[in-house]
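K.L.:
Just dropping this structure here.
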Amino acid sequence: MVIAREHKAAFLSAKWQNDDSGREEMTLAVSWSGMLNAEEGECVSSVICIPLASQKRSSTGRPDWTCIVVGFSSGYVRFYTENGVLLLAQLLNEDPVLRLKCRTYEIPRHPGVTEQHEELSILYPTALVTIDGFSLFQSLRACRNQVARAAAAGSDVVQPPPLAYKKWGLQDMDTIIDHSSVGIMTLNVFDQMKNASILGGFHASVKGSPPAMSQYITVGGGPFTGFYYAVEGSSQPLLSHVALAVASKLTSALFSAASGWLGWKNKNEEEPAQKQKPKVEPATPLPVRFGLPDSRRHGESICLSPCNTMAGVTDDFGRVTLLDVARGIAIRMWKGYRDAQLGWVQVSEARGEREIATSPSMPRRHAQFLVIYAPRRGILEVWGTQHGPRVGAFTVGKHCRLLYSGYRLMGVNSVTSQGWHYNTQQVCLFDPSTGALRSVTIPFHLALSDKKSERAKDMHLLKRLTLACKLNKSILLEIKHPAVKKQALESLLANKNAPVSCLTNITQALLASLKEQDPEAVDDTLLQLCSSQLKLLQLYSDVQLLHSPDTSPSETEPLSLAGIEEDLARIGPILRRYTELNSRPCVTFAQDPGGPLPVRAFLSQLVCEGGELRVIRGPDTDWTHLGSFLFWGCLSGQSPLEKVCETLQQSGISPQQLLSLLLTVWLNREKEILKRADAIRNLHTLLNTLSSMKGAVEESWDVQCISPWWQQVRSACVQSESAGAALLAALVAHRAFQGDWECVSLELEQWVVCLRQLEDVLALQTLLSLPPPQGSPGGAVQRCSVKSLLESGRGGVADSVAKLIFRQDVPPEMLKDIVQQREEEQHTEEPVEHCSGRDVTERMLLSVLSSELLACVCQRFPHSLAIDVLWAHCCWEYVVQWNKDPEASTFSTFVIWSVEYLKMISSSHIQLGISSMMWNTFIVKRFSAAAFLMEKVGKAPKDRLCRRDVGMGDAAMTSFLGSCVQLLQTLMEADSGVEEAYVPELCVEEVWGSAEGPASIAELALQQKAVHYPLVQHHCLLASLLHAAMSFSLRLKPLSLFDSKGKNAFFRELTSIQLLPSGDMDPNLVAIRQEFLMLVLTGWVKAEDTGSAKVSRDMDWPAVCMELASLLQVNADILRRHLVWELYNQGLDLRAEEVMLEVEDKDVLGSQLLVLTGQRLAFSLLHSQTQTKATMELLARLPPTLCTWLKAMDPSELRCPSVPLKQSSRLVSKVIEMLPENHAQYSLALHLLETVDSLQENE
């Protein structure tokens, strides 16, 4: 929809939104708004929206996009997209545009009807321009594609096809206000001869074939209505090259018509092109053929009917005139409709079954209705044409707008329109006061003018019946046609507000009237429908009466449930905990069935076939609602069980379907079941009663085979995710089976397995129902059933527990303590006191997870939850969750915890397989990306680059690389211990041995191939280098530290044998490696003193560097001397003395430390701001060589120059101990010791 005024406009597009009640409704939202005028002083004079058909084969009739055509007072016609992007601009005449109208393709209803072509007509005060629809469609598509390409990449201009149009100069009318283009018409022979005689006289010649003409009708003044005929071929079409308009920062919009295509130009060339108007082609004169002369009457608008046979015309006298287009005469006139707005609605007749069977090839009839909106009276009327009565009138507002397009999709032909379904509304009324848009829908039977038409009368009675507030059976009995009567009965039965008593009376009356008629004249389908629905209504009434509060349940003798009581005592603790955890309030919706079952829903789910009732299985909610209607009163103890079962048995519903409904109610209303103590006893009674029904247990059933009846119970229980209700139902059914049947070994075995499985699932589901603590990843509670666990394979239980551990956000150390405590309690049979050092939250979590829940589950699944299996699944769960979003801050620790769980696995075989799977599935891709990124930038990359290439920030990437180092080290340790360890045997519990599904993580781990240890060590070396560079923000091209063999071996399969570096390495590479390791040690010393948070405190970087030195062929003693020097340089003398003990070359270290001592002493004597007189005197007494040497020292190289003199004295003493007496600097060291001692004395 487009709303425009003067130079402003707003484009509105359809959009689905939810209203206040939650239902979806279509609204019109503004997609674009702004100014449309491109020239000064021009304003919008006419607007239409043309939907364009899609060219895709899969299209079913919906428009691809909509073009907005706007006419301006300057004569320009501009074409826009839905988003306000200008596509074309045409100046076809310099007068203001009066009206824009469109005609699209319509499928001919009768053979011989001329196929109309698509066109856009533009009316000017003295001219009419018609643009060929095919040419316009191709040009619009080409311009839209060009706009899209230019907006995306600024591609070159592609010239679209030219527009083909005709321009007629309308003559012999004083003023023209509106027009209609009827299309191409062909005269019959008589009209051809008549026109030739009138125009050419008695001797006029008549052509052999009548010419095809385009008919145009105009309204205005002098004459009131004019009819124009343009003979095809009398005027050649003009070709107007379109000017593409693309809104861009680099280009401006250029408008041109017949002057040719204008491409991209620079700014200097655009200005004269914009000022100069395009050339306007002259119009071809077209005289008026005839008209309706009325000198005082002036037409205001004309509206053509959909089949182009009639047209409605409004005038300034407040009349609405109906024209016969073919004959050119007025056939009807309405009075009293000043400022009226017109529209047409064409309706097709619905074909009945009998009509299709008798005459399938007959075309359907169509009816046309004229819609008149009188704004001054505030009324909307619908009239039948040509001489039909008024069939509808509606009171509406006085400021509404009647919207009628008169066309559908452009770009459609007889081939592409096959199989399409048009979704456009013919007439709509827009109310600006409320913003509502209402469509006008008219049934076909209103066009039937015969008062004796029985079908029209029946449809009218059906309408009365539907709209009646009080249902009256007399209206239904008056209907004559069986098909309509059946439709009326079905409509009544589907009414949600109709009471069951009223429906019963109506159905009985209709059935009685049918029985009174001649049996041969009665429709069998209608008779069968009445009898079946009456039976269903009677059943509904009986059941509803039994469940009513007035009916008190009959007294029943207490049943002996000793066996069930024993079972309840055994499962009581875990069942109570399960009830507590699952009784939390949950969200409910208004659509959820909570009230009594409506009779409409009851009738829709049951059918009567051959005198027996059959329940139709629908959605689970409907099935549960039906079951609740039948059995909930019995389960809750509010209804007599025997009478309800007797009523249901007499209805003919099979016992199997009744059993299915009963179990569905029991399993789906678990929360209410667990709160009622008598529900178990009532279920036992119902099962016994249903089992005794005829057809429940087949008479031919072999007692040595499995009973289908009890197998149905077991199947429902094992498929249900309501663990508590399923176990209770199985226990009750098991006791009912033992009480009624002799002990059958095969059947008893099935029950034993089923009960054990349900008890296991109850314990597991109770554990899984634990609520996650605040701040944890959380997530929905995982539901499980026996069936889902069997289908999840042998690792289903461990996988579920691992997901719970992840939701609970349990650290690996804490979970390890919990498991160890449970094992100690089992061995010592005494509870172990919890650690008092934990915080409150940790103690709460510890008490929950170390309670009977985890112990019960582990005890029931000793093999499925073996320690190594549980650790393997936890490891895998955490790395899977980390891989979903490595960048998230809450997820960054998941990979660390995953590696921690990996280290806790005791089996080397499982540990090796899990490590290999983690590396290949999640780690290697991001690890290689990090290595290549660092190789590219030559240093530790910034946060933005890390997120772009690796998918995580720089801090997360540092942690990730540290985890890679630990993962590869764990992999090497596991590979070393594989040969000595035995392969573990993975087992499952006996009752779960039939599990089928994907292999567990532990099973997959045992299937992994052995790795190549040197290749793993090679990758671990690279990971350590990357981790060090990221931790200390160092410059490094990691791959450059390796030769060609080492580079080629990276990121290969760890199971493959690669050619690795061997022998002595290039000295240049060794020097680069040594320099990098020295930078790592320097960075570690700085971080130790400053306490940098980026560096992990868990890493012993000096030990790591020494280990790397052995692998990189770097002299470790050089690194130790450098570390000692850096520690002294940082002022960490005590830690330096510890490392000094491991240095082998003491002479070199002594010389290095002597220089550092001189720098410290030079700072104290020469550069200190607090020099005293004693210090100056001491400096004067120093030997000249020592004084000169001290002055040559640069204390600025020291990171911590102000060190206590006691530490410097101790350092000089250490240097004297390391230097031999024959060393060249030994005497200098002695002088330094004397100087330091003197300074200490002066203090």
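The values are calculated or read from the model by the stated rules, or taken from the named source; none is laboratory data. What you are looking at is a predicted structure, and each value in this text was computed from that prediction instead of being measured. No Cβ is skipped: glycine too gets one built from the backbone with ideal geometry, and neighbour counts run over all protein chains shown. Accessible surface is based on the protein model in full, side chains and every heavy atom, while ligands, DNA and RNA are left aside. Shrake-Rupley method; radii C 1.70, N 1.55, O 1.52, S 1.80 Å.
K.L.:
Would you please list the contacts, defined by Cβ atoms under 6 Å and residues six or more apart or on different chains, that run from a residue in region 863-886 that is over 14 Å from Lys816 (Cα atoms) to a residue that is assigned to a loop (DSSP other than H, G, I, E, B)?
P.N.:
His863/Cys987; His863/Val988; His863/Glu989; Ser864/Val988; Trp882/Phe891; Asp885/Phe891; Pro886/Gly951; Pro886/Met952
K.L.:
Determine, yes or no, whether Lys515 is closer than 30 Å to Phe629 by Cα, assigned to a helix (DSSP H, G or I), out of contact with any helix residue (DSSP H, G or I) (no Cβ under 7 Å at 6 or more places or on another chain) and modelled with pLDDT of 80 or more. Write out each step before concluding.
P.N.:
Numbers: closer than 30 Å to Phe629 by Cα: no; assigned to a helix (DSSP H, G or I): yes; out of contact with any helix residue (DSSP H, G or I) (no Cβ under 7 Å at 6 or more places or on another chain): yes; modelled with pLDDT of 80 or more: yes.
It is false that Lys515 is closer than 30 Å to Phe629 by Cα, assigned to a helix (DSSP H, G or I), out of contact with any helix residue (DSSP H, G or I) (no Cβ under 7 Å at 6 or more places or on another chain) and modelled with pLDDT of 80 or more.
K.L.:
Name every residue in region 169-211 that is farther than 28 Å from Thr321 by Cβ and outside any helix (DSSP H, G or I), in order of residue number. Give the derivation first.
P.N.:
Keep residues of region 169-211 that are farther than 28 Å from Thr321 by Cβ, which gives 189, 193, 196-197, 200-211.
Scanning region 169-211 gives Gly201, Phe202, His203, Ala204, Ser205, Val206, Lys207, Gly208, Ser209, Pro210, Pro211.
K.L.:
Out of Ala1002, Ala1071, Ala1029, report the one residue that is aliphatic (A, V, I, L, M) and farther than 22 Å from Ser963 by Cβ. Even if it seems obvious, please write down each step before you answer.
P.N.:
Numbers: Ala1002 fails: farther than 22 Å from Ser963 by Cβ; Ala1029 fails: farther than 22 Å from Ser963 by Cβ.
The unique qualifying residue is Ala1071.
K.L.:
Given the conditions (1) in a helix (DSSP H, G or I); (2) at pLDDT below 85; (3) in contact with a helix residue (DSSP H, G or I) (Cβ under 8 Å, 6 or more places away or on another chain); (4) open to solvent by 10 Å² or more (accessible area, probe 1.4 Å), and given that Thr841 satisfies all but one, which numbered condition is not satisfied?
P.N.:
(3) is the only condition that Thr841 fails.
K.L.:
Shifting gears a bit: Name the residue, out of Val1139, Val1143, Val1203, that is within 24 Å of Leu1119 (Cβ to Cβ) and modelled with pLDDT under 85. Before the answer, list the steps.
P.N.:
Details: Val1139 fails: modelled with pLDDT under 85; Val1143 fails: modelled with pLDDT under 85.
Matching residue, one of Val1139, Val1143, Val1203: Val1203.
K.L.:
Output the residue which, of all residues in region 293-341 that are at pLDDT below 95 and among the polar types (S, T, N, Q), is farthest from Arg401 (Cα to Cα).
P.N.:
Ser295
K.L.:
Looking at region 781-802, I want the residues that are within 17 Å of Ala866 (Cβ to Cβ) and have a partner that is among the acidic types (Asp, Glu) and open to solvent by less than 50 Å² (accessible area, probe 1.4 Å) with Cβ atoms under 6 Å, at least 6 apart or on another chain. Which pairs are those?
P.N.:
Note: pairs meeting the criteria are Ala802/Glu877.
K.L.:
Out of region 1087-1118, which residues are modelled with pLDDT of 90 or more and over 19 Å from Val965 (Cβ atoms)? First the steps, then the outcome.
P.N.:
Here is the first cut: in region 1087-1118, the ones modelled with pLDDT of 90 or more are 1101-1118.
Of everything in region 1087-1118, those that are modelled with pLDDT of 90 or more and over 19 Å from Val965 (Cβ atoms) turn out to be Gln1113, Asn1115, Ala1116, Asp1117, Ile1118.
K.L.:
Go through (1) out of contact with any Lys or Arg (no Cβ under 6 Å at 6 or more places or on another chain); (2) open to solvent by less than 30 Å² (accessible area, probe 1.4 Å) and name the single condition Leu1041 misses.
P.N.:
Result: Leu1041 fails condition (1) only.
K.L.:
If you don't mind, another one. Look at Thr647 and say whether it is out of contact with any Cys (no Cβ under 9 Å at 6 or more places or on another chain), of a type in the set (Ser, Thr, Tyr) and more than 22 Å from Ala730 (Cα to Cα). Full working, then the answer.
P.N.:
On the way: out of contact with any Cys (no Cβ under 9 Å at 6 or more places or on another chain): yes; of a type in the set (Ser, Thr, Tyr): yes; more than 22 Å from Ala730 (Cα to Cα): yes.
Taking the combined requirement at face value, the residue satisfies it.
K.L.:
Now a separate question. Going through region 982-998 one residue at a time, which ones are surrounded by 12 or more Cβ atoms within 10 Å (Cβ to Cβ) and modelled with pLDDT of 90 or more? Show your work before the answer.
P.N.:
Here is the first cut: in region 982-998, the residues surrounded by 12 or more Cβ atoms within 10 Å (Cβ to Cβ) are 984, 986-989, 991-992, 995, 997-998.
Of everything in region 982-998, those that are surrounded by 12 or more Cβ atoms within 10 Å (Cβ to Cβ) and modelled with pLDDT of 90 or more turn out to be Pro984, Leu986, Cys987, Val988, Glu989, Val991, Trp992, Pro998.
K.L.:
Which residue, of Gln774, Gln782, is part of a loop (DSSP other than H, G, I, E, B), open to solvent by 20 Å² or more (accessible area, probe 1.4 Å) and under 15 Å from Val857 (Cβ atoms)?
P.N.:
Values: Gln774 fails: under 15 Å from Val857 (Cβ atoms).
Being part of a loop (DSSP other than H, G, I, E, B), open to solvent by 20 Å² or more (accessible area, probe 1.4 Å) and under 15 Å from Val857 (Cβ atoms) holds for just one of Gln774, Gln782, which is Gln782.
K.L.:
Have a look at Ala1103, Ala1071, Ala1116 and point out the one that is at negative phi, without any contact (Cβ under 8 Å) to a residue 12 or more places away in the chain and surrounded by 14 or more Cβ atoms within 10 Å (Cβ to Cβ).
P.N.:
Working: Ala1103 fails: surrounded by 14 or more Cβ atoms within 10 Å (Cβ to Cβ); Ala1071 fails: surrounded by 14 or more Cβ atoms within 10 Å (Cβ to Cβ).
The unique qualifying residue is Ala1116.
K.L.:
Every residue in region 129-164 that is part of a strand (DSSP E or B), open to solvent by less than 10 Å² (accessible area, probe 1.4 Å) and at pLDDT below 90, please.
P.N.:
Residue satisfying the conditions is Leu163 alone.
K.L.:
Output the number of the condition that Ser74 fails; it satisfies all remaining conditions of (1) more than 14 Å from Ser46 (Cβ to Cβ); (2) touching a residue at least 24 places away in the same chain (Cβ under 8 Å).
P.N.:
Status for Ser74: all satisfied but (1).
K.L.:
Could I ask something else about it? Looking for something charged (D, E, K, R) and assigned to a helix (DSSP H, G or I) - is there at least one such residue anywhere in region 991-1002? Break it down stepwise before answering.
P.N.:
If we filter region 991-1002 for residues that are charged (D, E, K, R), which is where we start, we get 996.
With assigned to a helix (DSSP H, G or I) added as a condition, the list becomes none.
Taking every residue of region 991-1002 in turn, none turns out to be charged (D, E, K, R) and assigned to a helix (DSSP H, G or I).
K.L.:
Follow-up. Take Thr434 and decide whether it is at pLDDT 65 or above, within 45 Å of the chain's Cα centre (by Cα) and crowded, with 16+ Cβ neighbours inside 10 Å. Walk me through how you get there before you give the answer.
P.N.:
Values: at pLDDT 65 or above: yes; within 45 Å of the chain's Cα centre (by Cα): yes; crowded, with 16+ Cβ neighbours inside 10 Å: no.
No; evaluated as a whole, the condition is false for this residue.
K.L.:
Condition test on Glu833, is it at pLDDT below 80 and within 16 Å of Leu854 (Cα to Cα)? Steps first, answer last, please.
P.N.:
On the way: at pLDDT below 80: yes; within 16 Å of Leu854 (Cα to Cα): no.
Against the criterion (at pLDDT below 80 and within 16 Å of Leu854 (Cα to Cα)), Glu833 does not qualify.
K.L.:
Here is a further query. I want to confirm something. Restricting to region 605-621 and keeping residues that are open to solvent by less than 80 Å² (accessible area, probe 1.4 Å) and touching a helix residue (DSSP H, G or I) at 6+ places or on another chain (Cβ under 8 Å), which single residue is farthest from Gln650 (Cα to Cα)?
P.N.:
In this case the residue turns out to be Gly618.
K.L.:
Can you confirm whether region 265-282 contains a residue that is within 26 Å of Ser181 (Cβ to Cβ), at pLDDT 90 or above and more than 47 Å from the chain's Cα centre (by Cα)? Quick ask: steps written out before the conclusion?
P.N.:
Within region 265-282, the first condition is being within 26 Å of Ser181 (Cβ to Cβ), and the residues that meet it are 278-282.
Within this subset, residues satisfying the condition of being at pLDDT 90 or above are 282.
Add one more test, that the residue is more than 47 Å from the chain's Cα centre (by Cα), and what stays is 282.
Within region 265-282, one or more residues are within 26 Å of Ser181 (Cβ to Cβ), at pLDDT 90 or above and more than 47 Å from the chain's Cα centre (by Cα).
K.L.:
Here's something else I'd like to know. If I ask for residues that are part of a helix (DSSP H, G or I), closer than 25 Å to Ser1056 by Cα, hydrophobic (A, V, I, L, M, F, W, C) and open to solvent by 20 Å² or more (accessible area, probe 1.4 Å), which ones from region 1003-1032 would you list?
P.N.:
Leu1004, Leu1006
K.L.:
Still on this structure, please answer the following. Restricting attention to region 867-883, which residues are of a type in the set (Phe, Trp, Tyr) and buried (at least 24 other Cβ atoms within 10 Å of the Cβ)? Explain how you work it out, then say what you get.
P.N.:
Of the residues in region 867-883, the ones of a type in the set (Phe, Trp, Tyr) are 871, 876, 878, 882.
Trp871, Trp876, Tyr878, listed by residue number.
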